[in-house]
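A short reminder: the numbers here are calculations on the coordinates, not readings from a lab. Computed from a prediction, not measured in an experiment: that's the story for all the values here. All Cβ positions, glycine included, derive from the backbone under ideal geometry; neighbour counts span all protein chains shown.
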Amino acid sequence: MIVPKLHMNLLRDTEKVSSSPVRMRVMLPIFALLLCAGCAIWWAILFMQMLLLGGQVSSLKNDLNGKKAAHAAILEEMGRARDLQAELDQLDAYAKGRRTWGGLLAKLADVMPVNVQLTSLSMPEPPIQNLANPANPKLPPLLGPTNTAEAVSLRIMGRTAKAEPVTTLLATLGKEPFFEWLVVDKGKVNTSPRVHSFRQESVLGPDSKRLLAFDVEFRCPERRFEK
Amino acid sequence: MSLLDNSTPTTQRSVFFAAVVAGVAVLLYLFAVQPCQDSIARAKQERTALEDQKRVMERDIKDSPRVKSMLAEIEKARTPYMEALLTPLLESWAMRAKSLLDPLAADVGLKGLDYVELPPRALPLPKPTPIQLYARRPIRVSCRGSYAEIVSFILRVEKVLPYVAMQSFTIKAQQDPEAQSATIVFEWPAKGALSRTVPQAKGGPR
């Protein structure tokens, strides 16, 4: 039998690993170079991006630096406005807590029965403020009270010959226009008016009759130091 | 290694070259790409923060006219209080009160006026707490006069000094109805303590 062509297999066993006609010795360096080139391009893109971002950041910084003075001024004004508003709130609270009594005293003279002689008319001083720190009394005292209300009362003491004028006076004070200043409350806990005493005096009156002394206290609307 | 031992020198060179190039690629990734990525992430964060800051600044600056008008309104509302504040006269609060009340008392004919200053009373704190706090400054006024004169005096004080409040009073009847004894405690708004130390202005005296 005549063989037209002779095929010699010169490949070693180790070289028979790939079916690809391109050998590993060619492909490996190419892949490695491609990988390296890819990394270099990737880095180049990132570097460009970084430069761009750096430019943006520095431009923003310049812009902010330019506005810094104007912003600082407006921040100072905002702080001042906040502080002044807080001051105003405190002063408004004071103004809200202000009550006038001249009208009551003027009207009281108009409704006073003829047979009644007042010996004392008083609005007691409010109790001393307790500014001790409730958490720890050893700490510095509080800058302001936690209670915003202050109780007010009007105490009327006087003399009369009979009981009727006093009851008339109390009835009159329980009506208009005294509602503005005096509280009439028939509740059991904090009654107003509260009669502290109504008794016969030991001294004789001008017509040798024993006079009656009375001591009545009216609760008044609280002074509220609130805005 | 046995694999390379059996290879031709060309293959060996090729593998060695590929390994070196791959090493360079790894080094490029580790020392160029990754730091660059970190820098970009940081720069992006910085840019976002700066953009936010810029937005806030622009908003605040845009808000400037409103703040200015608000400030003017507050100042205007505060002015009557500032004018009504009791200030010490030669370090005496009572003397200032005397200078304000004596003319009113003289108008109605009250006599024997005496002024004593009492301890101040703090006002409830607003929120936020301002640096300058205000307090109630009570002054006790003792005087003599008829009931009508005393009431007239109180009415005048309430009318002429609209921020003066009557804290307490006592009117006691005397033998002479024209000379009742009265003790009235008037209170004024006055400057109180500072809630905190005032921040020193930049460039100011140290």
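Here the Gaussian network model covers chain B, with springs between Cα atoms less than 10 Å apart; of B:21, B:116, B:164, B:21 fluctuates the most.
About the centre of its Cα atoms, segment A:138-178 shows a dipole size close to 180 debye [charges on the beta carbon of Lys, Arg (+1) and Asp, Glu (-1) only; nearest 20 debye].
How big is the gap, in Å, between the Cα center of segment A:107-184 and the Cα center of segment B:28-61? Here the two parts' Cα centres lie 68 Å apart. Stretched out straight at 0.36 nm per residue, the stretch from residue B:56 to residue B:179 would grow longer than its current Cα-Cα span by 37.4 nm.
Just subtract the alpha-carbon distance of residue B:142 and residue B:24 from 0.36 nm times their residue separation and send over the number in nm, one decimal.
Details: separation 118, 0.36 × 118 = 42.48 nm, distance 9.99 nm.
That pair, residue B:142 and residue B:24, stretches by 32.5 nm at full extension.
Dipole of chain B computed with +1 at Lys/Arg Cβ and -1 at Asp/Glu Cβ about the Cα centre; of B:110, B:24, B:35, farthest Cα towards the positive end is B:24. Say each of residue B:68 and residue B:41 gets a label point 7 Å from the Cα, pointing the same way as Cα to Cβ; how far apart are those two points in nm? Spacing of the two 7 Å Cα→Cβ label points: 4.6 nm.
The mean sequence distance of close C-alpha pairs (under 8 Å, at least 6 residues apart), as a share of the length of chain B, puts its relative contact order at 18 percent. Taking a point 7 Å from the Cα of residue A:190 along the Cα-to-Cβ direction, the residues of segment A:114-140 with backbone N closer than 20 Å to it are A:122-130. Annotation: the protein assembly as shown has a Kirkwood hydrodynamic radius of 30.5 angstrom, from the mean reciprocal C-alpha pair distance.
With a cut-off of 8 Å between alpha carbons and a minimum separation of six or more residues, what is the relative contact order of chain A in percent? Don't jump to the answer; show the numbers that get you there.
Working: 217 pairs, mean separation 46.1, N = 227.
Across chain A, relative contact order equals 20 percent.
Residues with beta-carbon under 12 Å from that of residue A:55, excluding residue A:55: net charge, scoring Lys, Arg +1 and Asp, Glu -1? Taking every other residue near residue A:55 into account, the sum is +2. Reported to the nearest whole Å, the Cα centre-to-centre distance from segment B:168-196 to segment B:65-102 is 21. Within the straight-line cut-off of under 20 Å between alpha carbons, the aspartates and glutamates reachable from residue B:191 are A:83, A:87, A:89, A:92, A:226, B:75, B:83, B:91, B:117, sequence neighbours fewer than 8 places apart in one chain being disregarded. Three principal axis extents describe the C-alpha atoms of segment B:5-93; from largest down they are 111, 33, 12 Å. For segment B:37-56, the residues whose backbone nitrogen is under 17 Å from a point 7 Å from the Cα of residue A:51, taken along Cα to Cβ, are B:37, B:39-40.
List the pairs from A:96/B:127; A:175/A:209; B:111/B:172; A:96/B:172; A:68/B:76 whose alpha-carbon separation is above 23 Å, in the order I gave them.
Distance filter (> 23 Å) returns A:175/A:209; A:96/B:172; A:68/B:76.
Angle between the Cα long axis of helix A:164-173 and the longest principal axis of chain A, 0 to 90 degrees, nearest 10? Orientation of helix A:164-173: about 30 degrees from the principal axis.
The label point for residue A:10 and the one for residue B:172, both projected 7 Å from the Cα toward the Cβ, are 13.9 nm apart.
Each of A:109, A:119, A:130 was placed along the dipole of segment A:85-141 (beta-carbon charges, centred on the mean Cα), and the one lying farthest toward the positive end is A:119. Long hydrophobic helices in chain B, taken as whole DSSP H segments with a C-alpha length of 15 Å or more on their own axis and mean Kyte-Doolittle hydropathy at least 0.0: B:9-28, B:93-108, B:147-160.
In debye, nearest 20: dipole of segment B:1-139 around its Cα centre with unit charges on the Cβ of K, R (+) and D, E (-)? Intermediate values should be presented prior to the final figure.
Values: 19 positive and 16 negative charges, 46 e Å.
So the dipole magnitude of segment B:1-139 works out to roughly 220 debye.
Suppose only helical runs count, i.e. DSSP H with n ≥ 4. What mean residue ellipticity at 222 nm does that imply for the protein assembly as shown under -39500 (n - 2.57) per run, divided by all residues and rounded to the nearest 500 deg cm²/dmol? Don't skip to the answer; put the middle values down first.
Values: 9 runs with 197 residues, N = 433.
Only helices count here, giving -16000 deg cm²/dmol.
Report, in degrees rounded to the nearest 10, the 0 to 90 angle that the Cα long axis of helix A:24-96 makes with the longest principal axis of chain A. That helix lies at roughly 10 degrees to the long axis.
A straight Cα-to-Cα reach below 18 Å connects residue B:54 with the aspartates and glutamates A:63, A:76, B:46, B:63, residues fewer than 8 places away in its own chain not being considered.
Can you give the charge dipole size of chain A about its Cα centre, rounded to the nearest 20 debye, using +1 on the beta carbon of Lys and Arg and -1 on the beta carbon of Asp and Glu? Working shown, then result.
Working: 29 positive and 22 negative charges, 182 e Å.
Roughly 880 debye, rounded to the nearest 20.
Per-residue mean of foreign Cβ neighbours for A:70-81 is 5 (Cβ atoms of other chains, 10 Å radius). Ranking A:157, A:141, A:173 by how far each Cα lies toward the positive end of the dipole of segment A:128-213 (charges on Cβ) leaves A:157 at the top.
Measuring r between the beta carbons of residue A:128 and residue A:224 and using R0 = 25 Å, the FRET efficiency lands at 0.85.
What the Cα atoms of segment A:36-133 give is an Rg and a Dmax of 35.9, 118 Å. For the pair residue A:200 and residue A:63, label points projected 7 Å from Cα toward Cβ lie 9.6 nm apart. Taking every alpha-carbon pair under 8 Å whose residues sit at least 6 apart, segment B:86-194 reaches a relative contact order of 30 percent. Among the trypsin sites (Lys or Arg not before Pro) found in segment B:104-175, not one is both in a DSSP coil and sparsely packed, with 14 or fewer other Cβ atoms within 10 Å of its Cβ. With viscosity 1.306 mPa s and temperature 10 °C, the Kirkwood radius over alpha carbon pairs of segment B:86-194 converts through Stokes-Einstein to a diffusion coefficient of 109 µm²/s. Applying 1/(1 + (r/R0)^6) with r as the Cβ-Cβ distance of residue B:131 and residue B:102 and R0 = 41 angstrom yields a FRET efficiency of 0.75.
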